[in-house]
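No lab work stands behind these numbers, since they all come straight from the coordinates. All figures in this text were calculated on a predicted structure; none of them were measured in a lab. Cβ sites come from the backbone with ideal geometry, for glycine too, and all protein chains shown count toward neighbours.
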Amino acid sequence: MERVKKYLITGLFILLAGVYPASAEVMPQNETAQDSSVAAGESSVNLSTLVTPQNVSFEICTKTFAMNSDRLFYLTLAAVNANRFEIKEIQSKTGYILFMAVGKEFLASVISIDKYRSMLKITPANNNYFFAPGIVLNMYKYIELNASEHLQNIPKGG
């Protein structure tokens, strides 16, 4: 009888010890699922996930839009301005914008795929992908929200 109790308690201890680490691993997987839902455009992510620096995958840094490259370039420029990032350099011919966000330089490159589609790639200038994903995701959200807006010239003041 003593031996059965000993085996039962040992088995219960091993079972509980095995369940605790498995339940602790569930939390990071849920956060990863939330990060992938952010990339898919869902808004079920809390604010701390967007502003906390973390390793960001390259797939999050690239997105294809259903608009020509000129329109995407101007909307990207507007998104940088709307997010109050500091613009360092603009090259409209090659389609890139170098800007500073949260003390880190980013390069936004607009690539033409065809007449009706183009791709935006926002990558850190130093290739260190440890940053807050909200920088990139907020710019994508701004472009998606303003994609149907009519672009217009602003007259010079004077």
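When you count, for each residue, the other Cβ atoms within 10 Å and take the mean per peptide, how do 148-155, 90-97, 134-141, 119-126 rank with the highest first? Please list the in-between numbers first.
On the way: 148-155: 6.5, 90-97: 13.5, 134-141: 20.9, 119-126: 16.8.
Result, highest mean Cβ count within 10 Å first: 134-141, 119-126, 90-97, 148-155.
Starting from a Cα-only point model with no solvent, please compute log10 I(q)/I(0) by Debye for the range 111-158 at q = 0.14, 0.20 1/Å.
-0.58, -0.90
Using a cut-off of 13 Å between beta-carbons, work out the net charge of the residues near Ile111 (Lys and Arg +1, Asp and Glu -1, Ile111 not included). Please list the in-between numbers first.
On the way: positive: Lys63, Arg117, Lys121; negative: Asp70, Asp114.
Spelling it out: positives minus negatives among the neighbours equals +1.
Using a cut-off of 13 Å between beta-carbons, work out the net charge of the residues near Ser69 (Lys and Arg +1, Asp and Glu -1, Ser69 not included).
On the way: positive: Arg71, Lys93, Lys115, Arg117, Lys121; negative: Asp70, Asp114.
Taking every Cβ under 13 Å from that of Ser69, the sum is +3.
Using amide H atoms built 1.01 Å from N in the peptide plane, name the residues 5+ places from Ala101, or on other chains, whose amide H lies under 5 Å from its own.
Phe106
Taking amide H positions as placed in the peptide plane 1.01 Å from N, state which residues far from Ala132 in sequence (5 or more) or on other chains have amide H under 5 Å from it.
HN-HN under 5 Å from Ala132: Gln54.
Per 5 Å bin from zero, what fraction in whole % of the C-alpha pairs of the range 47-145 is there, up to the bin with the longest pair?
Spelled out bin by bin, the range 47-145 gives 3, 14, 27, 27, 19, 8, 2, 0 percent.
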